[in-house]
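Participant: Structure incoming, see below.
Just so you know, all these numbers are worked out from the coordinates, no wet-lab data involved. Predicted, not measured: the structure shown is a model, and the values here were computed from it. Note: ideal-geometry Cβ built from the backbone for every residue, glycine included; neighbour counts use all protein chains shown.
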Amino acid sequence: MKILIIGAKGTIGKYITSHYSKNHEVINAGRREEEYPIDISDADSIKKLFEKTGKVDVVICAAGEAKWGLLEELTEEDFHIGIRSKMMGQVNLVRIGLEYLNEKGSITLTTGILADDPVVKTASAAMVNGAIHSFTKAAALEMPPGKRLNVVSTGVVEDAYEKYKNYFPGHPPIPMKRMLLGYIRSVEGKDNGRIIRIYE
Ligand SMILES: NC(=O)c1ccc[n+]([C@@H]2O[C@H](COP(=O)([O-])OP(=O)(O)OC[C@H]3O[C@@H](n4cnc5c(N)ncnc54)[C@H](OP(=O)(O)O)[C@@H]3O)[C@@H](O)[C@H]2O)c1
């Protein structure tokens, strides 16, 4: 398969990339990627990327940002960071990416446990995760025949646990192999419109 991974240098993205690179053609994309640069918060940048990659079998997005902060400190502009990046970035990837998806192709988005089980300082991040869950369920109903759209929502993955553990007291770290199974299920299974939750 020809697999486009956005956020390929990130904690989650590089694990997925390493797995699929063994047996598939993988295109690594991200803001810092020299050959396939993309900023998902900019629709023109998404279009340019797909014009360069041409048609693909699989799109996996493991990218997207949102501002963390106490509700009383978050400004409207802070909320717009997540809306532009993690929310509309992924929505636009689907809108634009569908045109470049081969028959039987799939798109997998990434959200996270905050959508269902938020912690403090995540009003914005949880909000955009929840929006992507609703978007995925609705947009999947309109996928062209054979094409699929899912989202993987994990808890804090073990490779990021040190960074986030103080925000998530008592939450179990998700082993990277367990996290990867969510993406494998989305890419290689038959699910469409599914929120693949991996919280334990
Ligand atoms: N880490 C976790 O435990 C966890 C759990 C659940 C959900 N998530 C979510 O999963 C996603 C990936 O998490 P991560 O831990 O792998 O993050 P990460 O280590 O910070 O990596 C994020 C990757 O996405 C790219 N990226 C960020 N913003 C981008 C943009 N606007 N356009 C294109 N690429 C962009 C970055 O590339 P550049 O640096 O080159 O820009 C980087 O490669 C995030 O949305 C995160 O919220 C993470």
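Participant: Over the chain, with a Gaussian network built from C-alpha contacts below 10 Å, which listed residue (Ser124, Ser106, Ser134) shows the highest mean-square fluctuation?
Facilitator: Among Ser124, Ser106, Ser134, the largest GNM mean-square fluctuation belongs to Ser134.
Participant: For the stretch 46-120, run through the trypsin sites (Lys or Arg not before Pro) and keep only the ones in DSSP coil with at most 16 other Cβ atoms within 10 Å of their Cβ. Please list the in-between numbers first.
Facilitator: Working: sites: Lys47, Lys48, Lys52, Lys55, Lys67, Arg84, Lys86, Arg95, Lys104; in loops: Lys55, Lys67.
Those that pass, being in a loop and sparsely packed, are Lys55.
Participant: How tilted is helix 11-21 with respect to the longest principal axis of the chain? Cα atoms for both, answer in degrees (0 to 90, nearest 10).
Facilitator: 20
Participant: OK, next. Go through Lys67/Lys163; Lys22/Lys86; Lys2/Lys147; Lys86/Lys177; Lys147/Lys190 and tell me which ones have a Cα-Cα distance over 20 Å in this structure.
Facilitator: Exceeds cut-off: Lys22/Lys86; Lys86/Lys177.
Participant: At 20 °C and 1.002 mPa s, grab the translational diffusion coefficient of the stretch 22-130 from Stokes-Einstein with a Kirkwood Rh over Cα pairs, rounded to a whole number in µm² per second.
Facilitator: This corresponds to a translational diffusion coefficient of 145 µm²/s.
Participant: Only Cα pairs under 8 Å and at least 6 apart count here; give the relative contact order of the chain as a rounded whole percent. Each step should come with its number before you reach the end.
Facilitator: Numbers: 393 pairs, mean separation 37.9, N = 200.
Normalised by residue count, the contact order of the chain is 19 percent.
Participant: What distance in nm lies between label points placed 7 Å from Cα along the C-beta direction at Lys190 and Glu34?
Facilitator: Simple spin-label model gives 4.5 nm for this pair.
Participant: Further question on the same structure: Please report the Cα spread of the stretch 2-198 along all three principal axes, rounded to whole Å, starting with the longest.
Facilitator: 45, 35, 34
Participant: Under a cut-off of 12 Å between alpha-carbon atoms, report the aspartates and glutamates in cross-link reach of Lys9, not counting same-chain residues fewer than 8 places apart.
Facilitator: Cross-link targets: Glu33, Glu34.
Participant: Note down the relative contact order for the stretch 90-155 as a percent, whole number, built from C-alpha pairs under 8 angstrom at least six residues apart.
Facilitator: Value for the stretch 90-155: 46 percent.
Participant: With everything on Cα atoms, drop me the angle between helix 176-188 and the longest principal axis of the chain, reported from 0 to 90° to the nearest 10.
Facilitator: 40
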